[in-house]
Amino acid sequence: MAGLTRPITGVPPSITVGVLATLSMDAVFVAASQLGGSRFASDKIGLELVGRWAGGLARGRLRHADMAAEPPLRGEAALGLAVHYLTGIALTQVYYEVLRRGSRKPGVLSATAFGAATALLPMLVMYPSWGLGPFALRSDDATRLLRIMLIGHTAFGAAIGAWSMLLKRSSP
């Protein structure tokens, strides 16, 4: 467990791995949308909408009838990017904490399962708040939105496991 708690180049592993895993997730999103086209892309989700939602949350607004129809906020894409990466770091820390409490080490299989489970967060929290309903069932795009989240979050989890193992091997 020392490898989990020892900072890599002075940065806690949850930050390093969280950023790298989120970056890996984003690469999978881009690749999937390029290779799979509209099956893996939707205008109902995006960093600008995450930022718009975060801006609303900061102002005390939890629910929206249609997030995409809300007026844009200045800097919403940058805010969305920050929230996205901070969430990746926080979820990576949760994964490490669960492992620590169970006296377990990170692995690709456990991290992939964890990542897939985190897809429930947007499905049960973000989508309803955006007016799409649980699992985006109020949208005409539910299947696509679920597919996108499952692929992205599963890739995120696999990347947590892979980066954890890779960086542990390279640390002194």
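Every read-out reported here was derived from the displayed coordinates using simple, explicitly stated rules and does not represent laboratory data. This one's a predicted model, so the numbers in the text were calculated from it and none came from an experiment. Glycine also receives a Cβ, built like all others from the backbone with ideal geometry; neighbour counts cover every protein chain displayed.
Each principal axis of the chain carries a Cα extent, and these read 51, 34, 28 Å when sorted largest first.
Using only Cα atoms, what Kirkwood radius does region 112-172 have, in angstroms?
After inverting the mean inverse Cα-Cα distance, the result is 12.4 Å.
Here the mean projected area of the convex hull built on the C-alpha positions of region 65-110 is 5.1 nm².
At 222 nm, what helix-only mean residue ellipticity would the chain give, in deg cm²/dmol to the nearest 500, using -39500 (n - 2.57) for each DSSP H run of four or more?
Helix-only estimate at 222 nm: -21000 deg cm²/dmol.
Packing, as the average of other Cβ atoms within 10 Å across residues, places the peptides 45-56, 102-113 in the order 45-56, 102-113, highest first.
Ordering Met67, Ser110, Ile89 by the projection of their Cα atoms onto the charge dipole of the chain, which places +1 on the Cβ of Lys and Arg and -1 on the Cβ of Asp and Glu, puts Ser110 at the extreme positive end.
Among Thr92, Thr16, Thr118, the order by Cβ neighbours within 10 angstrom, fewest to most, reads Thr16, Thr118, Thr92. Along region 99-116 the Karplus relation, 6.51 cos²θ - 1.76 cosθ + 1.60 evaluated at θ = phi - 60°, assigns HN-Hα couplings of 4, 4, 5, x, 6, 10, 9, x, x, 5, 5, 5, 5, 5, 4, 4, x, 4 Hz to successive residues, with x for each Gly and Pro. Normalised by the number of residues in the chain, the mean separation of alpha-carbon contacts (under 8 Å, six or more apart) gives a relative contact order of 32 percent.
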